[in-house]
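The structure appears right after this line, and notes come after that.
The values are calculated or read from the model by the stated rules, or taken from the named source; none is laboratory data. Keep in mind that this is a model prediction, so the values were computed, not measured. No Cβ is skipped: glycine too gets one built from the backbone with ideal geometry, and neighbour counts run over all protein chains shown. Quick note on the areas: whole protein, heavy atoms, side chains included, nothing else; ligands and nucleic acids left out. Shrake-Rupley method; radii C 1.70, N 1.55, O 1.52, S 1.80 Å.
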Amino acid sequence: MTFKKPEKGFVEKYNRPYIIAGPCGAETEEQLIDTARQLASTGLVDLFRAGIWKPRTRPGTFEGIGPIGLEWMKTVKEETGLPLTVEVANREHVEHALKHDIDVLWIGAKTTVNPFSIQELADSLRGTGVKVMIKNPINPSLSLWLGAIERFEAVGVEILAAIHRGFTEYGDKIYRHNPMWQIPIDLMMERPNLPIINDPSHICGNRTLLKDVAQKSLDLNFDGIMIEVHREPDSALSDAMQQIKPKVFESIIKSLVIRHEKGLDNSVEKDLISYRRKIDSLDSDIFKLIADRIDIIKLIGDYKKKNKVSVLQRDRWEELVNQSIIISKQLGLNSNFVQKILKIIHQESINIQEKILND
Ligand code: PEP
Ligand code: MN
């Protein structure tokens, strides 16, 4: 397979997703080096990650081992040959990381959210030649994510990738951070040449959903995966619930199906194109029919105005719901789906008629 962005980015030389793995945080020299050795022996890792400073939501929890961890990272590189990445959140972090030859710096979600911090980081990285990866901000704002990208670009810092780690939501939910896939997809549209890496660990917050989220990201054409791996996940000092053992990492990564943005050979490509043409023409038929429907809605609007009839008539909506049940049965469609579409069309009709009545 070839990546969709062969002309740019660090995925250029890979013909498979780019894999970043390592513990949430560096805790002890032994934990770090043992995890790295086990990961290196899978042959599946392109970049080794570990948090040195941990931006924890609540105080009183493990906030990272600090600069001593960077010494251990050096040993990791010497022993495994793996390039390294750590999170930086301020100028001091950058200075320590650069002193210890860290290859790539990543900007965490809680930092991307703050333009002051991003500007400080951009200024301290100017001219250093070190590359960065930028996680999405914790709140669902494409603008903040793009804003951070722009601040680094403005000072000439090379951005290796954006990292999608999901968005904070209040209340009970399946994911620790809602993936809101539309946002990274919108980023891909805005920045077709910028590689995007998925971080299933921080999206899921548990081990059971990791594989599905990682697979979904590949199905959506992401360029790689960043995943938290710890030699003893259960006793990890941060994010214990979502970390996995190196063996589990190996089996998850090997089980992922790599799909191709373009078909493998020309005939697959041609078949797909012809199916898509059919769909495009059906879509245009659907909207032609909706436009016809709206013409009639307008006639009814004029009629209601003349006869002083209200826009919404309860019986009519009930009739529509019943009709949607009949249509879905006849056509073998999911009745919920039919009802949702009908509701949207009905709402648009009400809007049009209200405008007519009040003009
Ligand atoms: C991490 O990668 O360990 C981390 C702190 O991530 P995020 O910035 O996505 O919360
Ligand atoms: Mn973590």
Breaking point among (1) crowded, with 19+ Cβ neighbours inside 10 Å; (2) under 27 Å from TRP53 (Cα atoms); (3) more than 15 Å from ligand 1 (Cβ to nearest atom); (4) not small (Gly, Ala, Ser), for MET188: (2)
First in the range 68-91 and without any contact (Cβ under 8 Å) to a residue 24 or more places away in the chain and over 25 Å from ASN114 (Cβ atoms), second anywhere and open to solvent by 10 Å² or more (accessible area, probe 1.4 Å) and of a type outside the set (Lys, Arg), Cβ under 9 Å, 6 or more apart: ILE68/GLU29
Search result, residues across the range 347-359 that are open to solvent by less than 100 Å² (accessible area, probe 1.4 Å) and touching a Lys or Arg at 6+ places or on another chain (Cβ under 9 Å): SER349, ILE352, GLN353, ILE356, LEU357
Elements of type helices (runs of 4 or more DSSP H) contained in the range 173-275, each with 3 or more residues being within 13 Å of the chain's Cα centre (by Cα): 182-190, 200-204, 210-219
Pair list, Cβ < 7 Å and 6+ apart or interchain, from the range 7-25 residues that are polar (S, T, N, Q) to residues that are open to solvent by 70 Å² or more (accessible area, probe 1.4 Å) and at pLDDT below 95: ASN15/THR2
Verdict on ILE102 being in a helix (DSSP H, G or I), more than 16 Å from ligand 2 (Cβ to nearest atom), crowded, with 16+ Cβ neighbours inside 10 Å and modelled with pLDDT of 95 or more: no
The range 326-344, subset assigned to a helix (DSSP H, G or I), free of Cβ contacts under 8 Å to residues at least 12 places away in the same chain and not aliphatic (A, V, I, L, M), residue surrounded by the most Cβ atoms within 10 Å (Cβ to Cβ): SER328
Test: residue in the range 142-160 that is outside any helix (DSSP H, G or I) and free of Cβ contacts under 8 Å to residues at least 24 places away in the same chain: no
Restricting the range 59-87 to residues that are in contact with a strand residue (DSSP E or B) (Cβ under 9 Å, 6 or more places away or on another chain) and assigned to a helix (DSSP H, G or I), the residue that is surrounded by the most Cβ atoms within 10 Å (Cβ to Cβ): MET73
The range 30-54, residues that are in contact with a strand residue (DSSP E or B) (Cβ under 6 Å, 6 or more places away or on another chain) and part of a loop (DSSP other than H, G, I, E, B): LEU44, VAL45, ASP46, ALA50, ILE52, LYS54
